[in-house]
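Asker: This is the structure, below, for whatever I ask next.
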Amino acid sequence: MRAVQVAKRNGPLELVERPVPEPGRGEVRVRVEACGICHSDSFAVEGTFPGITYPRVPGHEIAGRIDALGPEVVGWKPGQRVGVGWFGGACYRCEPCRRGHHVDCRNLRVPGVSYDGGYADYMVCPADALAAIPDDLAAADAAPLLCAGITTFNALRHSGALPGDTVAILGIGGLGHLGVQFARKLGYRTIAIARGQDKAALARELGAHEYIDSTAGNPGAALKRLGGAKTILATATSGKAISDVVGGLAVRGNLVIVGVSGEPVQVSTLALVGNSAEVSGHASGTSIESEDTMRFAALTGVRPMIETVPLEQAPEAYAKMMRNEARFRMVLTMV
């Protein structure tokens, strides 16, 4: 089979031929039809994830069909359409797992990082990592929903905001363009915040009721003038950009951070205490929550904006994503 691997830390992505892998106990083999390219794939390329070994095939936005079942797999069948996202299996022994918080597993397995991922014709994963793909959702559209989609959808539906509440989406990129769509379809008064007036038309096309240009003044103050937000979903990775919107929270509002860069966020304690407001981070979600995301997207028409390229062009597509030149998700196709 074809696979695109990284042979060593910070090494180049290279197309190689490998034997088709065999599933072990509790595992399935997936014939990959599409795999999204995510910024987190850099964990594999750059070797920044603890315990990673090489060579490694990246990719954790995987859509395809079950090709073979390993021993003791129940509930799944060959030919079934499935996806595998950031959640690639849990230990079910650590404290978060024992409390039912499987996405917070201290021994979380991630496709393309902990084991070989979807930049290949086939991949093998634990059966508990599988999410069923709806029949009316194309593989190339499903793939980005398994990371970018579930991250924004799950964060919004668990944020405490109710239909009719005001929700702001900070950033209109790979995460944010999905966040705006999900917020509108969930019934929120949706406000998009981004840099420059050139994004205003796209924001409204995606479903935003209002648009705030963060370069035109303090975006938190502008959001406050619109009544304040019950939830601000921060998909941007700039610590300063996130800090600037905190003042736009309504009373008992919640700033939910899903964009990750490592930059610090400065928050006024007065703004938090005075409004009984909260700041929180949100991880992606489990395999069943990936199913929820894809079913909701199929029902409501939410779709990622994608550019598809064949597997052989993975190195160029990855480089384009890392240069922030992709609008908005790059997806590798195998068939």
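FYI, it's all coordinate maths here, none of it is from the lab. Because the structure is predicted, anything quoted here is derived from the model rather than measured. Note that we place each Cβ from the backbone using ideal geometry, even for glycine, and neighbour counts take in every protein chain shown.
Asker: May I have the pair-distance distribution P(r) for segment 165-210, computed from all Cα-Cα distances with 5 Å bins from 0 and rounded to whole percent?
Answerer: So the P(r) values, bin by bin, are 6, 29, 40, 19, 6, 1.
Asker: Using DSSP to define loop residues, name the GluC sites (Glu not before Pro) in segment 38-96 whose beta-carbon has at most 14 other beta-carbon atoms within 10 Å.
Answerer: Values: sites: 46, 61, 72; in loops: 61, 72.
Of the GluC sites (Glu not before Pro), the ones in loops of segment 38-96 whose Cβ has at most 14 other Cβ atoms within 10 Å are 72.
Asker: May I ask for the equivalent-ellipsoid semi-axes of the chain, computed as the square root of five times each C-alpha gyration tensor eigenvalue and listed largest first in whole Å?
Answerer: Numbers: eigenvalues 240, 83, 70 Å².
They are 35, 20, 19 Å, listed from largest to smallest.
Asker: While we're looking at this one, here's another question. Could you tell me the ratio Rg/Rh of segment 159-281? Both radii from Cα atoms, Rh via Kirkwood.
Answerer: Over the Cα atoms of segment 159-281, Rg/Rh equals 0.92.
Asker: State, to one decimal in nm, how far the label point of residue 251 lies from the label point of residue 267, with both points 7 Å from Cα in the Cβ direction.
Answerer: The two pseudo-label positions are separated by 2.0 nm.
Asker: Amide H of residue 257: which non-local residues (sequence gap of 5 or more, or other chain) have their own amide H closer than 5 Å, using H built in the peptide plane?
Answerer: 234, 280, 281, 282
Asker: Classify segment 1-106: rounded, prolate or oblate, from the alpha-carbon gyration tensor (a ≥ b ≥ c, eigenvalue square roots; a/c under 1.5 rounded; otherwise prolate if a/b is larger than b/c)?
Answerer: Judged from the Cα gyration tensor, segment 1-106 comes out oblate (a/c at least 1.5, b/c at or above a/b).
Asker: Residues of segment 237-256 with amide nitrogen under 19 Å from the 7 Å Cα-to-Cβ point of residue 195?
Answerer: 237-246
Asker: Shifting gears a bit: Kindly rank 263-271, 238-246 from highest to lowest mean number of other beta carbons found within 10 Å of each residue. The partial results should precede the final answer.
Answerer: Details: 263-271: 12.1, 238-246: 19.6.
Final packing ranking: 238-246, 263-271.
Asker: Could you let me know the centre-to-centre spacing of segment 66-90 and segment 235-304, using Cα atoms, in angstrom?
Answerer: A separation of 31 Å, based on Cα centres.
Asker: Follow-up question, since we're still on this one. Residue by residue, what Karplus-based ³J(HN,Hα) values in Hz, rounded to whole numbers, does segment 316-332 have, using 6.51, -1.76 and 1.60 with θ = phi - 60° and x for Gly and Pro?
Answerer: Taking θ as phi minus 60°, the curve returns 5, 5, 4, 4, 5, 5, 5, 7, 6, 9, 8, 10, 10, 10, 8, 10, 7 Hz for segment 316-332.
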